[in-house]
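The values are calculated or read from the model by the stated rules, or taken from the named source; none is laboratory data. The structure presented is a predicted model; accordingly, all values stated were derived computationally and were not measured. So basically every Cβ, Gly included, is an ideal-geometry build from the backbone, and we count neighbours across all protein chains shown. When the accessible area is computed, the model is the full protein with side chains, heavy atoms only, and any ligands, DNA or RNA have been set aside. Shrake-Rupley method; radii C 1.70, N 1.55, O 1.52, S 1.80 Å.
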Number of protein chains: 2
Amino acid sequence: MSIADPMFPMRRALALAAAAAHAGEVPVGAVITHKGAIIGEGANAPRGRHDPSHHAEIAAIRAAAQHLGSDRLIDCALWVTLEPCAMCAGAIAHARITRLYYGAEDAKGGAIIHGPRLFTQPTIHHHPEIYGDILAAESAALLRDFFAERR
Amino acid sequence: MSIADPMFPMRRALALAAAAAHAGEVPVGAVITHKGAIIGEGANAPRGRHDPSHHAEIAAIRAAAQHLGSDRLIDCALWVTLEPCAMCAGAIAHARITRLYYGAEDAKGGAIIHGPRLFTQPTIHHHPEIYGDILAAESAALLRDFFAERR
């Protein structure tokens, strides 16, 4: 998990997702990078935080925006273990995230290549570069194990 | 602005919107009601808070969820002065808001009757009852004055 590993942000996001599962939350993790360093991170925790907006992406975006002292995350990348939902895709647009890297696809709740496909909508004016399927097998395994334990 | 006035939540949301304008933020306000009382409120403040997710709706939802000690706002209504964007519509779905009342339409950024029309998307499984055009003229006037002063 060294800085020399170009996947280090996603490996950190996967560690945050695993911690979320341990806390009884759906395992999703996210980090924001700026100039090669992590400046914000978050884990999915709507139940524990009593906050339906506390998805990993929103938590990471908030932390990075505090770090930069701005609501615009210029030249920042978001790495998240699962395809973002509509809420998080909207936040990505508001934050002006430059690049989005996600892991597993989410046919049920995803809003990037599924459902509303938010960045294809003409009223959404900010479009990050989008890279999917990043360490997707690791993310999918965390989700599969989490839901298997609950059945 | 008494409890006997059925529009009292929207009047409070309009007051929050006016306060946002005074603080230099796009004037949008929101409140959450539960059993006839306001249990959460918020004003748009992404710039001042350094938080791109700090829309009025998200702030009100967070406050109400803290109040109820749950990420599900069962039997709650959200009153907001402007048609919600995709981020906020997604949060409304996650929070399981029962009824949505909004004021002015937002052809540019709205996601209820414009753009992605989020609650018509088959992957969005929660659908609040939706009532638009509630004291819309007052909300539109606040927005018009705000942007006129900035030009």
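Quick look at the values:
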{"item": "Electrostatic dipole magnitude of the protein assembly as shown [Cβ: Lys, Arg +1; Asp, Glu -1; Cα centre; debye, to 20]", "result": "180"}
{"item": "Burial order of peptide ranges B:107-115, B:18-26 (average beta-carbon count within 10 Å, highest first)", "result": "B:107-115, B:18-26"}
{"item": "Assigned charges on the beta-carbon of Lys, Arg, Asp, Glu; chain B dipole about Cα centre (debye)", "result": "220"}
{"item": "Summed buried accessible area for B+A [probe radius 1.4 Å, Å², rounded to 100]", "result": "2400"}
{"item": "Local electrostatic count, B:Ala95, Cβ distance below 14 Å [Lys/Arg +1, Asp/Glu -1]", "result": "+2"}
{"item": "Candidate residues B:His34, B:His125: accessible-area rank, largest first, probe 1.4 Å", "result": "B:His125, B:His34"}
{"item": "Accessible-area value, B:Ser70, 1.4 Å probe, nucleic acids and ligands omitted, Å²", "result": "40"}
{"item": "Accessible area of chain B belonging to carbon and sulfur atoms, whole % at 1.4 Å probe", "result": "54"}
{"item": "Value of [θ]222 nm, deg cm²/dmol, for the protein assembly as shown, DSSP H segments ≥ 4, -39500 (n - 2.57) each, nearest 500", "result": "-11500 deg cm²/dmol"}
{"item": "Fluctuation leader among B:Arg72, B:Arg49, B:Arg96 - chain B, Gaussian network, Cα springs under 10 angstrom", "result": "B:Arg49"}
{"item": "For A:Phe146, solvent-accessible area (1.4 Å; no DNA, RNA or ligand), Å²", "result": "10"}
{"item": "Net charge, B:Asp71 excluded, C-beta distance under 13 Å - Lys, Arg +1, Asp, Glu -1", "result": "+3"}
{"item": "Interface residues in segment A:121-147 - accessible area drops by 50 Å² or more relative to the isolated chain, probe 1.4 Å", "result": "A:Thr123"}
{"item": "Estimated vicinal HN-Hα couplings, Hz - segment B:50-56 in sequence order (Karplus 6.51, -1.76, 1.60; Gly, Pro = x)", "result": "6, 8, x, 8, 7, 7, 4"}
{"item": "The protein assembly as shown - convex hull of the alpha-carbon atoms, volume per residue in Å³", "result": "122"}
{"item": "Compactness relative to 2.2 N^0.38 Å, alpha carbon Rg of chain A", "result": "0.96"}
{"item": "Nearest-to-axis residue of chain B, judged by beta-carbon position, where the axis maps B onto A, in Å", "result": "B:Pro116, 2"}
{"item": "Radius 14 Å from Cβ of A:Arg144, net charge of other residues (Lys, Arg +1; Asp, Glu -1)", "result": "-2"}
{"item": "Antiparallel bridges, percent of DSSP beta bridges restricted to the protein assembly as shown (to nearest 5)", "result": "60"}
{"item": "B:Tyr101 accessible area, assembled protein chains, probe 1.4 Å, Å²", "result": "40"}
{"item": "Point-charge dipole on Cβ atoms (K/R +1, D/E -1) for segment B:73-125, about Cα centre, debye to 20", "result": "100"}
